[in-house]
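So the structure is just underneath, and the comments pick up after that.
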Amino acid sequence: MAVNQQSAEELITLIFRLQRQLRCVAQKSSDPRGPGTALQGVMRVIGDHGEIRATELAKKLGIGTAGLSRHISELVELGYVCRRPHPEDRRAYLISLTPAGTQTVSDEMRRRGALLQHMLEDWTDEDAISANESLTKLTETLQRTIRAMKPGPHQMPIPAGENTK
């Protein structure tokens, strides 16, 4: 049975609240000498893929190529990523983490993990595993559904009985 409208709206509200709290966790655990949280997010995606084309990275991050180019230039200048020409497409670049970038991502994950572990001190491992399973299912479902959608905005009909302005 499909999720009802009220449950979907409550889930959206909870996801936004979770996003805000995760940003707070990221800010509180960040090394002020390192890259900011936005650059760390870029680095994490690069690290997940080893080496990735800039256009593919922009798509995965949901940002434009101009914005990504600024991030990559800053990360290259800081010594956290390197880019090299794509061997089969001279117009494209492959981006990867440097050893310093890999270490920074690892250090940030350890700091965030330690803070979250402290914040969840009244949780059991079973609570954490259950949350992990639910978040994994939600993430995979959203990814699969988004990939199946055609590009562009999607207007869904307002459910019956809803007020319109």
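Of the residues Ile95, Leu57, Pro85, the one whose Cα sits farthest towards the positive end of the charge dipole of the chain is Pro85 (charges of +1 on Lys and Arg Cβ, -1 on Asp and Glu Cβ, taken about the Cα centre).
The candidate values were (i) 64; (ii) 52; (iii) 60; the one computed from these coordinates for percent of Cα pairs over 20 Å apart carries the label (i). In terms of Cα to Cα distance under 19 Å, which aspartates and glutamates are near enough to Lys28, apart from those fewer than 8 places away along the same chain? Correct list for Lys28: Asp107, Glu108, Glu121. For the stretch 12-165, the share of accessible area belonging to carbon and sulfur comes to 55 percent (1.4 Å probe, ligands and nucleic acids excluded).
Rolling a 1.4 Å probe over the protein chains gives Arg44 an accessible area of about 90 Å². Using a probe of 1.4 Å, the accessible surface attributed to Tyr93 totals some 110 Å² when neighbouring protein chains are kept in position. For Val81, the residues 5 or more places off, or on other chains, whose built amide H falls under 5 Å of its own are Val76, Thr98. Counted residue by residue at 0.36 nm each, then reduced by the alpha carbon distance between them, the extension gain from Arg91 to Lys28 reaches 18.7 nm.
With the other protein chains left in place, how much accessible area per residue, in square angstrom, belongs to the chain at a 1.4 angstrom probe?
Working: 12790 Å² over 165 residues.
For the chain, the per-residue accessible area is 78 Å².
FRET efficiency for the pair Arg44 and Gln5, taken as 1/(1 + (r/R0)^6) with r the Cβ-Cβ distance and R0 = 41 Å, rounds to 0.75.
When all protein chains stay in place and ligands, DNA and RNA are ignored, the 1.4 Å accessible-area order of Thr65, Thr141, largest first, is Thr65, Thr141. For the pair Phe16 and Thr124 in one chain, pulling the backbone fully straight at 0.36 nm per residue adds 36.5 nm over the alpha carbon distance.
The values are calculated or read from the model by the stated rules, or taken from the named source; none is laboratory data. As the structure is a computational prediction, the values presented were derived from the model and not from experiment. Cβ atoms come from the backbone with ideal geometry, glycine included; neighbour counts cover every protein chain shown. When the accessible area is computed, the model is the full protein with side chains, heavy atoms only, and any ligands, DNA or RNA have been set aside. Shrake-Rupley method; radii C 1.70, N 1.55, O 1.52, S 1.80 Å.
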